[in-house]
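The values are calculated or read from the model by the stated rules, or taken from the named source; none is laboratory data. Note that this is a predicted model, so its numbers are computed, not measured. Here the Cβ is made from the backbone with ideal geometry for all residues, glycine too, and neighbour counts use every protein chain on show.
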Amino acid sequence: MRSNIDAFIEATLRINDAVELKRCFEDFLGKLGFDAVAYHILVEGFRSVSLDKGFRISTFPEDYIQYYIDHRVFEFDPVMEEARKHGGPILWPDVADKPDLTKAQKEFFDKARSFGLVSGAAFSIYGRPGEIAYFSLGSTQQDVNFSRAELLELQAICQQMHLRFSELTRAENGKRKLSKRETEVLELIAQGKSNSVIGDILGVSPNTVDTLVRRCFDKLGVTSRVEAALAGVAMGIILP
């Protein structure tokens, strides 16, 4: 995998757009069998960040993301606990086999399987002073079967992703400002309003709402309403 690491790092240094970097990262992991990726901030400025506010990337099934947030799974997620405790790579099956899991934690693994998530790996990543990020890589296709050395290489890839993504988003946050109307639309999306309801509330046509939603997605670098809401909160554009 070593050549893959070198190729990925070189690619990240050529990319100057956070959305393109996100696609590059997802494509790279997809080739390794990971088709579900979550990346979020756990600690920033030495302060804990709630998972429903810290999402940066998530390609897990939307229903699973909603379940994870609605049931506040981030408060007892056993994989995340292990990753934060040990720092090194954590395999989901190793955690699922632990004898001291609570009932809620066992149900968490059952729920993940019900959404088609077969296996995965997780990593804690350290960035700027007082900052900790977390990556969870899932597969709906196969059991994750990597050696310890390969998992450490994957962790290095996630480390580079975090550092480069943070660098690009800091530079781009000032450029990707949402207009007042786009922010209003994003707030209503986060409240679960449909496009037709948003149109009624704002007094604009369905075509106008469609255009505003697309602009929000483009500026935030997302492809779904759930991702848009999470990104808006994470970037401080809207309140949780």
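Quick notes
- Residue within the stretch 137-153 that is part of a strand (DSSP E or B), among the β-branched types (Val, Ile, Thr) and closer than 23 Å to Cys24 by Cα present: no
- Condition check for Arg164: touching a residue at least 12 places away in the same chain (Cβ under 8 Å) and either in a loop (DSSP other than H, G, I, E, B) or of a type in the set (Lys, Arg) (or both): yes
- When the stretch 106-122 is filtered for residues that are assigned to a loop (DSSP other than H, G, I, E, B) and in contact with a strand residue (DSSP E or B) (Cβ under 6 Å, 6 or more places away or on another chain), the ones remaining, listed by number, are Leu117, Val118.
- The residue of the stretch 94-108 that is nearest to Phe76 (Cα to Cα), among those that are in contact (Cβ under 8 Å) with a residue 24 or more places away in the chain and under 21 Å from the mean Cα position of the chain (by Cα), is Gln105.
- Residue within the stretch 212-228 that is assigned to a loop (DSSP other than H, G, I, E, B) and modelled with pLDDT of 90 or more present: no
- Applying a threshold of 7 Å to beta carbon distances and a minimum spacing of six or more residues, or different chains, the list of pairs starting in the stretch 197-224 at a residue that is acidic (Asp, Glu) and ending at one that is surrounded by 14 or more Cβ atoms within 10 Å (Cβ to Cβ) reads Asp210/Asn195.
- Residue check, Arg148 within 21 Å of the chain's Cα centre (by Cα), on the phi < 0 side of the Ramachandran plot and in the same structural domain as Asp70 (by TED's automatic domain parsing): no
- Checking each residue in the stretch 106-131 for being touching an Asp or Glu at 6+ places or on another chain (Cβ under 8 Å) and not charged (D, E, K, R) picks out Phe108, Phe115, Val118, Ser119, Ala122, Gly130.
- The residues of the stretch 182-197 that are in a helix (DSSP H, G or I) and under 26 Å from the mean Cα position of the chain (by Cα), listed by number, are Glu182, Thr183, Glu184, Val185, Leu186, Glu187, Leu188, Ile189, Ala190, Asn195.
- Residues that are part of a loop (DSSP other than H, G, I, E, B) and within 17 Å of Phe76 (Cβ to Cβ) are absent from the stretch 123-136 altogether.
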